[in-house]
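A.B. asks: Have a look at this one.
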Number of protein chains: 2
Amino acid sequence: MANYTIGVDMGGTNLRVAAVEEQGHLLEKITLGTQVSLGRDRVIHDMCDSIQQLAQKYTSSSKLLGIGIGVPGIIDMETGMMREAANLPGWANFPVRSEIEQRLHTHVILENDAKVATLGEKWLGAGRNVDDMAMLTLGTGVGGGMVLRGKIWYGMNGMAGEFGHWTVEPEGHPCGCGNRGCLEQYASASAVVRMAREAIASGATTVLTQAASAGQEFSARAIYNLAVQGDEEAQRIFRRVGRALGIVLASLVNGLNLPMYVIGGGAASAWEAFAPSIFEELRERSVVYAATAPTISLEGGHGASAQVEPSQSGRKTIITRALLGSDAGLFGAARLPMIVD
Amino acid sequence: MANYTIGVDMGGTNLRVAAVEEQGHLLEKITLGTQVSLGRDRVIHDMCDSIQQLAQKYTSSSKLLGIGIGVPGIIDMETGMMREAANLPGWANFPVRSEIEQRLHTHVILENDAKVATLGEKWLGAGRNVDDMAMLTLGTGVGGGMVLRGKIWYGMNGMAGEFGHWTVEPEGHPCGCGNRGCLEQYASASAVVRMAREAIASGATTVLTQAASAGQEFSARAIYNLAVQGDEEAQRIFRRVGRALGIVLASLVNGLNLPMYVIGGGAASAWEAFAPSIFEELRERSVVYAATAPTISLEGGHGASAQVEPSQSGRKTIITRALLGSDAGLFGAARLPMIVD
């Protein structure tokens, strides 16, 4: 008879809706393909349908505390509009929250998917023992979120956490946001595929070319598999991923001096291929990391020597993988109605 | 008979010590040249001497609440050691706080000079009406500080705010911190002089060469004066300053979504020469800025058009000059003992 909430994680590929108890226990999860190509109305219809299905099933035995929804875009908290939704045609500048509320006849909390994933990792994952953390989510794009003094940091318009659009190469690859050289252009799954195509076009590799022309799905995962199998060009691509992440993490560490930074999202499963480059960049580029780095074995055995003496305070900077995998966003969305202040 | 504190702002050039009342009224200010070349002990001696002088004078009529000291280096809050002090030979890894406390026989609060300047601007300057702000201080180096939810953001070791060591050019000019292409290498007074020398060496300018060989002090201020007089190469140098600041500010805006970012420090007096480039970069590089920018007239008439519709929420992102000038650090240091929690 515990209270429960309903969380929605709307990704570019899957739409997932779950009923979750206050203590973090999953009651039921519904997974649907996100019919992005069928248009915004269809996706919102499917979402509301699943929410109502779960609400009808569990409200007889438990109390529904609220509904939290994570969506891939920048949300204006005040208006509930999506300000940018690069991977969702027709969603930008649409009043998503009020549309959903009209259909459900109830209040919902709409939030950026990466902030929601950060909240999930804070609640039940890598960050459950820290009060302050930042997270980068590597997927089709690169999202971000922060928890400061135990609470999600929204910023004044709810737009904080856009680390995916931090510049890592001032004259780099153009980004959909209008900038050049954003982290997202080097560390997302789409960027991995683009860099592989660039390598093929430049004639740098035969293995990638064979893989791309073999008819199989040419994905970031396929390129990761080639890297694991020892293909040098595929390994070089993931070193570029790690370098871009390392540049941004070095700035985060220098700027915020948090105890924990978490890398999540689907493409984080290539951790082994890009993590060594992250730690190399961090040690070179962040004087604060050099002073607060854990012993090298905790980093996985990589990285140059520190430039300053390690801090005597004992508080270390931890860079780590997300623990909840693809469920971080779902649990984080379910958490939203539990922490309204 | 108001309570008062003593604040110390220790810069590379001047050592300033002031007695300040709780309401922000200055009782007395002592300015000494910082005898850095005479060694650490001499500077600490001069500092303690001035503190004692003021304490003796005002303690008969008012209550001394505490002593706050801003120093140019990274401070380990727990130990009171300076972790890095690029412009102060002999200060790194020295227990500055306990040395001062032994001489004064009382507790002092030691803090990074840029964080202290941020606190000053929050208390009595540009940020007095906001709860959240970040500040960049442009001097010999580039420092930074943040106020979040009304309080200085220290980070877990007190090392937060090192925006001067954010990478803006991954393969750029080497920095004393061990990184390459730090903001400090493009936006500090030292960087302005270096870029001018580079321009002279490349034969790009005759006006700069004449100025440099005229026997007068070849300073960032002299180069700024040339820019104001219309020298194209000097103007180009300040556009590089603005570009580097714009890249970092774009990331700050995308990451934190604060209402205010303040540019202070001595080199901020060249605002007119570098600010237009800041706003150009911001509009191109920050999707959050584009959505929250004030009308262009408030920026000073520069910048390309926004890429997304301005936010309807009415909350705007303000980028502005510091108001307290070189006194920001002094008032901020005096503020430190008033806000101990």
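The values are calculated or read from the model by the stated rules, or taken from the named source; none is laboratory data. Source: prediction; values computed, not measured. Positions of Cβ are backbone-derived with ideal geometry, glycine not excepted, and every protein chain shown enters the neighbour counts.
A.B. asks: Just checking, how many residues over the range A:257-293 are in a helix (DSSP H, G or I) and either touching a His at 6+ places or on another chain (Cβ under 7 Å) or more than 12 Å from chain B (Cβ to nearest Cβ) (or both)?
C.D. replies: The number of residues fulfilling the criteria is 16.
A.B. asks: Determine whether the range B:4-12 contains at least one residue that is over 25 Å from B:Glu162 (Cα atoms), in a strand (DSSP E or B) and aliphatic (A, V, I, L, M).
C.D. replies: For the range B:4-12, residues over 25 Å from B:Glu162 (Cα atoms), in a strand (DSSP E or B) and aliphatic (A, V, I, L, M): present.
A.B. asks: Within the range B:93-183, which strands (runs of 3 or more DSSP E) (wholly inside it) include 3 or more residues that are at pLDDT 95 or above?
C.D. replies: B:133-138, B:142-148
A.B. asks: Go through A:Ala86, A:Ala126, A:Ala117, A:Ala92 for me and flag whichever is surrounded by fewer than 24 Cβ atoms within 10 Å (Cβ to Cβ), of a type in the set (Gly, Ala, Ser) and more than 12 Å from chain B (Cβ to nearest Cβ).
C.D. replies: The conditions single out A:Ala126.
A.B. asks: Restricting the first residue to the range B:255-268 and requiring it to be assigned by TED's automatic domain parsing to the domain that holds B:Ile318, which pairs with a second residue that is in a helix (DSSP H, G or I) and of a type outside the set (S, T, N, Q) meet a Cβ separation below 6 Å and a spacing of at least six or different chains?
C.D. replies: B:Gly255/A:Phe163; B:Asn257/B:Val288; B:Tyr261/B:Leu249; B:Val262/B:Glu121; B:Gly264/B:Ala117; B:Gly264/B:Ala328; B:Ala267/B:Ala189; B:Ala267/B:Ala220
A.B. asks: Collect the residues in the range A:190-205 that are surrounded by 16 or more Cβ atoms within 10 Å (Cβ to Cβ) and either among the hydrophobic types (A, V, I, L, M, F, W, C) or part of a loop (DSSP other than H, G, I, E, B) (or both), keeping them in residue-number order.
C.D. replies: Correct list: A:Ala191, A:Val192, A:Val193, A:Met195, A:Ala196, A:Ala199, A:Ile200, A:Thr205.
A.B. asks: Could you figure out which of (1) over 30 Å from B:Glu162 (Cβ atoms); (2) touching a residue at least 12 places away in the same chain (Cβ under 8 Å); (3) in a helix (DSSP H, G or I); (4) not basic (Lys, Arg) isn't true of A:Thr209?
C.D. replies: Checking A:Thr209 against (1) over 30 Å from B:Glu162 (Cβ atoms); (2) touching a residue at least 12 places away in the same chain (Cβ under 8 Å); (3) in a helix (DSSP H, G or I); (4) not basic (Lys, Arg), the one that fails is (2).
A.B. asks: Here is a follow-up. Only one of B:Ala293, B:Ala234, B:Ala273 is farther than 24 Å from B:Asp132 by Cα, over 19 Å from the mean Cα position of the chain (by Cα) and not acidic (Asp, Glu). Can you tell me which?
C.D. replies: B:Ala234
A.B. asks: Okay, next question. Among all residue pairs at least 6 apart or on different chains, which show Cβ distances below 9 Å where the first residue, located in the range B:61-87, is outside the structural domain of B:Cys177 (by TED's automatic domain parsing) and among the hydroxyl-bearing types (Ser, Thr, Tyr) and the second is buried (at least 23 other Cβ atoms within 10 Å of the Cβ) and in a loop (DSSP other than H, G, I, E, B)?
C.D. replies: B:Thr79/A:Ser311
A.B. asks: Out of the residues in the range A:138-189 that are surrounded by fewer than 20 Cβ atoms within 10 Å (Cβ to Cβ) and more than 10 Å from chain B (Cβ to nearest Cβ), state the one that is nearest to B:Glu284 (Cα to Cα).
C.D. replies: A:Pro174
A.B. asks: Further question on the same structure: Before we move on, is B:Glu78 within 30 Å of A:Asn257 (Cα to Cα), in contact with a Gly (Cβ under 7 Å, 6 or more places away or on another chain) and not in a helix (DSSP H, G or I)?
C.D. replies: Spelling it out, it is not the case that B:Glu78 is within 30 Å of A:Asn257 (Cα to Cα), in contact with a Gly (Cβ under 7 Å, 6 or more places away or on another chain) and not in a helix (DSSP H, G or I).
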